[in-house]
Amino acid sequence: MDDLKAKYLSQIADAADEAALEAIRVAAVGKKGEVALKMRELGKMTPEERQVMGPKLNALKDEINSALSAKKSALADAALDERLRSEWLDVTLPSRPTRRGSLHPISQVQEEITAIFAEMGFSVAEGPRIDTDWYNFDALNIPGHHPARAEMDTFYMHRDAGDNRPPHVLRTHTSPVQIRSMEKMGAPLRIICPGGVYRADYDQTHTPMFHQVEGLALDKDISMANLKWVLEEFCRSFFEIDDVELRFRASHFPFTEPSAEVDIRCSWDGGALKIGEGDDWMEILGSGMVHPKVIAAGGIDPDVYQGFAFGIGIDRLAMLKYGIPDLRAFFDSDLRWLRHYGFSALDLPTLHGGLSR
Ligand code: DAH
């Protein structure tokens, strides 16, 4: 019995893993194990022998069992230790320098524009990119026969024969958001509406989808002077130079009366564009006093309220400010271009913190 004990205890001590331990358990104290076989021999013994051997065998069995379970938990501990060692992770290590995403110049410029107008009390309004031709045209005093409809190279949504819903278009400008905002919020009102617009046109300065920001201010005592101040203030802040000079040139839009296109003084010395100096003028936006018919279409009494509106091309402004020569590159999704012209996603432009540091 001492031999059995010595044999199994040393095997248990040497067991390398749980599987080996289980094999030892079966061989030693399993139903057909060596200890069980010895137990069976008890039947052939005399009662005196049995009284001596019985307790000894039980003690042996207990001893082997407790050695097995001690070894089993030692093996489990060792396995856990090993896992902890191999899966160890230093959470204090700095992260690896991976390439981060960046803000597209259009998003950046949109944030800048929003920051500037927010400071002047304008909030941001949005409208659908697919709109009815009523919002996109009629409500803006562009009736069906008006040449402006043809000029805009409008994308019309497909309609099945017999479809009686009003015709829908991909909005050709952000001006329909003027109407929707008037309907929703009434007057007085001070909003900008940035967003994508669509026209069937494609060359170095035109893409079928581009971006505008519409502005609208309605109140009882708003004049062209307010428009001029707001736009000058905007350009000064946006181009981050004190001496911007704007030229208001008489123009015509169906939705404003009077209407003005606004040019900014610039120079093209050596092919590089400089804003605020030189003898050239660059058109940057359209504007005017909102036509009474447009105010009425928005559900507001034009005898009580009047106001100004403007429409600026966001992509155009981005090209001017950041010296980006080809509009088409904005929409190519070329990562090298984005890395070059992109902005840190964590630097929110603010007037006090700087727009484009
Ligand atoms: N909607 C015009 C366009 O897309 C831009 C525009 C001009 C908007 C004058 C205005 C405005 O609000 O007053 O060409």
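The values are calculated or read from the model by the stated rules, or taken from the named source; none is laboratory data. Source: prediction; values computed, not measured. A quick note on method: Cβ atoms are made from the backbone with ideal geometry, for glycine too, and the neighbour counts reach across all protein chains shown. The accessibility values were calculated without ligands, DNA or RNA, using every heavy atom of the protein model including side chains. Shrake-Rupley method; radii C 1.70, N 1.55, O 1.52, S 1.80 Å.
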Report, by chain and number, residues whose modeled amide H sits under 5 Å from the one on residue 283, excluding near sequence neighbours (fewer than 5 apart, same chain).
264
For segment 205-273, with only Lys/Arg (+1) and Asp/Glu (-1) charged at the beta-carbon, what is the dipole magnitude about the Cα centre, in debye rounded to 20?
200
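How charged is the neighbourhood of residue 89? Take every other residue with its Cβ under 14 Å from the Cβ of residue 89, and add Lys/Arg as +1 and Asp/Glu as -1.
Numbers: positive: 83, 85, 96; negative: 87, 90.
So the surrounding residues net to +1.
Pairs 184/321; 7/31; 38/71: which exceed 30 Å Cα-Cα? Write out the running numbers ahead of the final one.
Values: 184/321 34 Å; 7/31 18 Å; 38/71 24 Å.
Check vs 30 Å cut-off fails for 184/321.
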Using the Cα centre of segment 201-331 as the reference point, and only Cβ charges (+1 on K/R, -1 on D/E), how large is the resulting charge dipole? Debye, rounded to the nearest 20.
220
Highest-MSF residue in the chain out of 85, 159, 336 [GNM, Cα springs under 10 Å]:
85
Tilt of helix 47-86 relative to the longest C-alpha principal axis of the chain, in degrees (0 to 90, nearest 10)?
20
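Any chance you could run the full-extension gain for residue 163 through residue 42? It's 0.36 nm times the residue separation minus the Cα-Cα distance, nm to one decimal. All intermediate terms of the calculation are to be shown ahead of the outcome.
Numbers: separation 121, 0.36 × 121 = 43.56 nm, distance 9.88 nm.
That works out to 33.7 nm of additional length.
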5 angstrom amide H check on residue 308, placed H, neighbours 5+ away
217, 290
Could you please state, rounded to a whole Å, how far the C-alpha centre of segment 156-210 is from the C-alpha centre of segment 1-53?
89
Radius 14 Å from Cβ of residue 269, net charge of other residues (Lys, Arg +1; Asp, Glu -1):
-1
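Suppose the chain between residue 273 and residue 17 were pulled fully straight at 0.36 nm per residue; how much longer would it get relative to their current alpha carbon spacing?
Details: separation 256, 0.36 × 256 = 92.16 nm, distance 7.61 nm.
Taking residue 273 through residue 17 to full extension adds about 84.5 nm, to one decimal.
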Phi angles of segment 273-284, converted by Karplus (6.51 cos²θ - 1.76 cosθ + 1.60, θ = phi - 60°) into ³J(HN,Hα) in whole Hz with x for Gly and Pro, give 7, 10, 8, x, 9, x, 10, 9, 10, 10, 6, 10
Less than 13 Å Cβ to Cβ from residue 72, Lys/Arg counted +1 and Asp/Glu -1: what total charge do the surrounding residues give?
-2
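Of 130, 222, 116, which has the most accessible area with a 1.4 Å probe, and how do the rest follow in descending order? Present the calculation step by step, with values, prior to reporting the outcome.
Working: 130 80, 222 25, 116 5 Å².
Correct descending sequence by accessible area is 130, 222, 116.
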In order through segment 214-220: 3J(HN,Hα) via Karplus (6.51 cos²θ - 1.76 cosθ + 1.60), integer Hz, x for Gly, Pro:
9, x, 8, 10, 10, 6, 7
Where does helix 105-119 land angle-wise versus the long Cα axis of the chain, in degrees 0 to 90, nearest 10?
70
Selected from 104, 145, 291 as most flexible by GNM, with the chain as the system and alpha-carbon contacts under 10 Å:
145
Non-local residues with an amide H under 5 Å from the amide H of residue 173, with H modelled 1.01 Å from N and Pro and chain starts lacking one, are 198
Which of 80, 10, 30 sits farthest toward the positive end of the charge dipole of segment 2-86, with +1 on the Cβ of Lys and Arg and -1 on the Cβ of Asp and Glu?
30
Positive-end extreme of charge dipole, the chain - chosen from 91, 299, 345 (charges on Cβ):
91
Under 10 Å, Cα contacts only: if you run a Gaussian network model on the chain, which one of 163, 203, 90 comes out with the highest mean-square fluctuation?
90
From the phi angles alone, apply the Karplus equation (6.51, -1.76, 1.60; θ = phi - 60°) to segment 200-212 and give each ³J(HN,Hα) in whole Hz, x where the residue is Gly or Pro.
6, 7, 8, 7, 4, 10, 9, 10, x, 10, 8, 10, 10
For the Cα atoms of the chain, what angle does the longest principal axis make with the long axis of helix 18-29, in degrees from 0 to 90, nearest 10?
30
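Let's see if you can work this out: charge +1 on each Lys and Arg Cβ, -1 on each Asp and Glu Cβ, no other charges. What is the dipole magnitude of segment 1-69 about its Cα centre, in debye to the nearest 20?
It works out to roughly 360 debye.
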